[in-house]
Amino acid sequence: DFGSFGDLFENFFSGGQARGGRPSNKGADREVQIAIDFADAVSGKRLDLALEKLAQCEHCTGNGAETGSKNITCKECGGTGQVIKTANSLFGRVQQRVVCPTCRGSGEIPEKPCRTCSGEGRTKRKITVTIDVPAGIQTGQTLRFRGEGDAGRKNAEAGDLFVHILVEDDRRFIRDGDDIRSSFVVPALDAMLGTEVSLETVHGSVRLVIPEATQPGQVLLIKGKGMPVL
């Protein structure tokens, strides 16, 4: 497919930018890992996460220009966000489109840069993000919250927040997929004759019938008392 090869060749010499495209000012993604209690994995929980990230500048509301000023077309790139750079290579002198160093790809610069963010449109701040951890989550799973990462430069799209989950062990219960296992001891006579006991589950106490002639190591099933299916 020589057409695809031609596109690849062009992208190589254009710095990976699509023809006529503009570099993205999207904010970076953020990743954190949190530990939650076993009980919270069963019931789900709303949590407040304290993060330090790039957030929209409150003084200029993200546009990078000082109050009373405005953004104007970048003279360096003519508003395209890219400039042509000439370089020597094995193929001779080639021209390459690169991100404009003056406007950093936005195509605009503030007439008078914001005194708080220096025209960036964002500042580093401590932000509290509220997230909902769903019931049934397990260790190793990741939650994605769109737009909760770093703010984009000059009001561009924000990145995402990825939360990696670690569920702490519980001394009473062992998770087996969506099932939960626990152990308990009954006197030998009760195991032989049968009895009824109060058993603690992740959903509260239940009454469990121990049938006659129950053997050591025997497994009894209580339906609907395991993990919620995520």
Between the residues Ile84, Val42, Phe145, the Cα farthest towards the positive end of the dipole of the chain, that dipole coming from +1 and -1 charges on the beta-carbon of Lys, Arg, Asp and Glu, is from Ile84
Entry for Rg and Dmax of the Cα atoms in Å (calculated from the structure that is shown) out of (1) 17.9, 57; (2) 16.9, 48; (3) 29.7, 93: (3)
Cross-link candidates for Lys53: which lysines have Cα within less than 24 Å, leaving aside residues fewer than 8 places away along the same chain? Lys26, Lys45, Lys124, Lys126, Lys154
What accessible area per residue comes out for the chain, rounded to a whole number of Å², with a 1.4 Å probe? 64
Carbon/sulfur fraction of accessible area - the chain, other protein chains in place, 1.4 Å, %: 50
Gain in span if fully extended, Arg93 to Ala213, counting 0.36 nm per residue against the direct Cα distance: 34.3 nm
For the chain, size of Cβ-based charge dipole, Lys and Arg +1, Asp and Glu -1, in debye: 1340
Relative contact order for the chain using alpha-carbon pairs under 8 Å, separation at least 6, rounded to a whole percent? 25
Compute the Rg/Rh shape ratio of the stretch 93-227: radius of gyration over Kirkwood radius, all on alpha-carbon atoms. 1.37
Which loop trypsin sites (Lys or Arg not before Pro) in the stretch 25-99, with loop taken from DSSP, have no more than 13 other Cβ atoms within 10 angstrom of their Cβ? Lys70, Lys75
Give me the net charge for the shell around Leu199: Cβ to Cβ below 13 angstrom, other residues only, Lys and Arg +1, Asp and Glu -1. +2
The extension gain from Thr73 to Leu193, computed as 0.36 nm times the residue separation minus the Cα-Cα distance, is 34.3 nm
Can you compute 3J(HN,Hα) from phi for each residue in the stretch 94-99, using the Karplus curve 6.51 cos²θ - 1.76 cosθ + 1.60 with θ = phi - 60°, rounded to whole Hz and x for Gly and Pro? 10, 9, 10, 7, 10, 5
Tell me which chymotrypsin sites (Phe, Trp or Tyr not before Pro) from the stretch 37-146 have a DSSP coil assignment and no more than 14 other beta carbons within 10 Å of their own. Phe91
Nonlocal amide H pairs with Ile180, under 5 Å, H built at 1.01 Å: Met227
Can you give me the long-range amide H partners of Gly62? Hydrogens built in the peptide plane at 1.01 Å from N, cutoff under 5 Å, separation of 5 or more residues or another chain. Cys57
Local net charge near Ile109, Cβ-Cβ under 11 Å (Lys/Arg +1, Asp/Glu -1): +2
Computed lengthening from Val229 to Thr139, 0.36 nm per intervening residue step minus Cα-Cα distance: 31.0 nm
Compute the acute angle (0 to 90°) between the alpha-carbon long axis of helix 2-13 and the principal axis of greatest extent of the alpha-carbon atoms of the chain; round to the nearest 10°. 80
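The values are calculated or read from the model by the stated rules, or taken from the named source; none is laboratory data. Keep in mind that this is a model prediction, so the values were computed, not measured. Note that each Cβ is placed from the backbone with ideal geometry, even for glycine, and that neighbours are counted across all protein chains shown. Remember, those area values only see protein heavy atoms, side chains included, never the ligands or the DNA or RNA. Shrake-Rupley method; radii C 1.70, N 1.55, O 1.52, S 1.80 Å.
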